[in-house]
Each structure stands twice: as structure tokens, then as C-alpha cells.
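Read through the structure below, which is laid out as C-alpha cells, and then see the notes.
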């Protein structure tokens, strides 16, 4: 089972964290996205030209959501809560992150290097932060549900991005943000991401 990832790719990191939660033995194939020919390299492993991509024998799975679902099946449901309603909520929250928060993505790009704090907040950023606070307040603490799962894997990278730009949520939302920032899986993922860049 080979997971093709990209340097500074948040979705690659999320897929990698999910593989750890599922306790799967995977081989990681790193593509340096700063190289001029990175697209041609990705196409060797992913017909979409995007990362992450999971190659499993005779078939490949692209898109981090689909990869997370496959890891969940391989692990007997380790990534999602046991409750059907909570599983539905988990999928809804992951899908929202997957397709949303465009302003934060564009104005606060992910970086492993120090970045200046965000000094100006557009209406778009403020609206997205309000929604993120609401989502984070749903957490049962220290994780979103009873145990660490896919929602934590997806949103911990967002928690890291917000802190990098000096955005510290308050109240219960802040407790969940801090819990994610102190989560050993996130700390390990950041170290792994650094090693991908230095490979």
C-alpha cells in the first residue's frame, strides 16, 4: 500500500494521519511540489495529477476523503464513531472542510515556516472563523467524539494553520484547538512534513 504525498500538502498530511489512526503499514512516496516537473511525477502515480493518491495493488484511490474512507474500512471502522448519527456528522464536517473555508485557504496559506500574524480580517475570513468556532464548540473534548478520528485528523491541520497566523479561538472552541495542537498525531505529522521537505 503506497501513499503518494506532496510537500506542504495539507491534504497529504490529513491522509497520512488517517493511516496512522488506522494503524496501517504504508509506504510513503514523496513528490516535491516545488519542482518544475512535479506534475509529471504525480501523473506516474495519480491519473488526476493531484496528491494524495493511494496505490493498492491493481487500483489507485485519489482524494483524501476517499482515502480516509478506505482506511476506515481496512481498519474495521477505526476512524469513525460507532453511533450512526455521529458518523453522519463526522462525514458532514469533513466534507465541509474539504470544499469550504476558501478565504482562510487563500489568505492564510499553509506553511511550516514562521509567518506574520494576520492583521486584517475581511468579512469572508470573519464569517469562516465564526463557522469554525461553532464547529469546534461541538467537540466532546479532547477529541470531536469519544476517541480520536477522522474529524480530528482533518481539522488539526486547520488548527495549526490558524495558530500560525496568530488566530487563537476562545472558550470551548479554543480548548478544542489547543487539544488538537497538543495531539501527538499532529506533532508527529508536522515532523513528518518537515522530513518530506528535507528529503
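Values as computed for the structure displayed
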{"item": "Pairs, first free of Cβ contacts under 8 Å to residues at least 60 places away in the same chain in segment 170-199, second surrounded by 16 or more Cβ atoms within 10 Å (Cβ to Cβ) and part of a loop (DSSP other than H, G, I, E, B), C-beta under 6 Å, six or more apart", "result": "176/139; 177/169"}
{"item": "Filter pass, residue 77 being more than 17 Å from the chain's Cα centre (by Cα), surrounded by 14 or more Cβ atoms within 10 Å (Cβ to Cβ) and free of Cβ contacts under 8 Å to residues at least 24 places away in the same chain", "result": "no"}
{"item": "Close pairs from segment 21-38: first exposed (fewer than 14 other Cβ atoms within 10 Å of the Cβ), partner assigned to a helix (DSSP H, G or I), Cβ under 8 Å, at least 6 apart", "result": "35/41"}
{"item": "Scope segment 167-180; condition part of a loop (DSSP other than H, G, I, E, B) and more than 19 Å from the chain's Cα centre (by Cα); matching residues", "result": "170"}
{"item": "Residues of segment 25-63 satisfying the condition of being part of a helix (DSSP H, G or I) and touching a strand residue (DSSP E or B) at 6+ places or on another chain (Cβ under 6 Å)", "result": "38, 41, 42"}
{"item": "Identity of the residue in segment 181-199, in a helix (DSSP H, G or I) and over 14 Å from the mean Cα position of the chain (by Cα), that ends up farthest from residue 22 (Cα to Cα)", "result": "198"}
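No value in this document is a laboratory result; all are computed from the given coordinates. This is a predicted model, so every value here is computed, not measured. No Cβ is skipped: glycine too gets one built from the backbone with ideal geometry, and neighbour counts run over all protein chains shown.
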